[in-house]
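Any read-out appearing in this document is the output of simple, stated calculations on the displayed coordinates, not a laboratory observation. Computed from a predicted structure; not experimentally measured. Note that we place each Cβ from the backbone using ideal geometry, even for glycine, and neighbour counts take in every protein chain shown.
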Amino acid sequence: MLRLENVSHSFKNGNEVLKVLHHIQFEVQKGEMIALLGSSGSGKSTLLNLMAGLMKPTEGHIYIADQDIVKYGENKLAVFRRKHIGFIFQAYELIPTLTVRENVELPLVFQSVSPSKRRKKAMELLEMTGIGDKASLYPSQLSGGQQQRVSIARSLITEPSVIFADEPTGNLDTKTEEEIIRIMMALNESMKTTFVIVTHEMEVAAQMKKTIMLRDGYLVQPEDYTTPAAGQRGPNAPSPLSGVPVHAEEAGEVS
Ligand code: ADP
Ligand code: MG
């Protein structure tokens, strides 16, 4: 479903070259939900933006639905993104002058889907995310958690192959964070949409079956995951997830 091969990325600032991702390789199967962990500055957003086709890596290949998106030109990539990729932002990024329902419908406005079909689909997704009764309100009339539910519904409306979420609960309190994670898990279960969720919060990661971790732009993983880049971190690199529960039951947070 999603496969990265030897992905590296550098930013150039004048004469300076800052290499922020080093030889990243991993695979996500269709229908999986994984957490991408790492402290601030470790390269999570850069990696997510590369996978979502928002920028191109300096090196490597990124396969989504068997297509190497690194090889795509701008136009082809835009079309591919619209069809296959959903994105959930930390700051929701809703359009304030559109109603909740109109925000959710928006991705379909760019495809030739009839207004009545768009509307029906948007309402279904708003019901699924638990805010069907808010459809005719404006984003500013909703709480942060409710706005994130709108953005989740919007990301799903094109039935993408994969949804990337960059710290989707970063602006929310712990209780709301749990609700949002639970909604995404339920949607992953019922719609079989693949999710990659960036977080630096262990309690979020603890609820995912699978986690991968970045440290200083290198991939470091739990032991059941092999990493070709691991050797490059040096012999003394500690195992990042030792002692960290990776299953909900072990974390004792979810019944
Ligand atoms: P994270 O999301 O894990 O906090 P980022 O991917 O945002 O990390 O950043 C990784 C590194 O890349 C940081 O050192 C950051 O300063 C740098 N960086 C991110 N975006 C840019 C950019 N557009 N230009 C230059 N450096 C950047
Ligand atoms: Mg980030």
| Which residue pairs have Cβ atoms under 7 Å apart, sit 6 or more places apart or on different chains, and have a first residue in segment 46-71 that is among the polar types (S, T, N, Q) and a second that is more than 12 Å from ligand 1 (Cβ to nearest atom)? | Thr58/Ser8; Gln67/Phe80
| So Ser143, is it of a type outside the set (Asp, Glu), touching a residue at least 24 places away in the same chain (Cβ under 8 Å), surrounded by fewer than 20 Cβ atoms within 10 Å (Cβ to Cβ) and touching a His at 6+ places or on another chain (Cβ under 6 Å) | no
| task | Using the structure shown, decide if Val28 is of a type outside the set (D, E, K, R), closer than 18 Å to His84 by Cβ and in contact (Cβ under 8 Å) with a residue 12 or more places away in the chain. | result | yes
| message | If I ask for residues that are within 16 Å of ligand 2 (Cβ to nearest atom) and farther than 23 Å from Phe89 by Cβ, which ones from segment 16-74 would you list? | response | Leu18
| query | Which one is surrounded by the fewest Cβ atoms within 10 Å (Cβ to Cβ) among residues in segment 156-208 that are within 16 Å of ligand 2 (Cβ to nearest atom), under 19 Å from Met51 (Cα atoms) and not charged (D, E, K, R)? | reply | His200
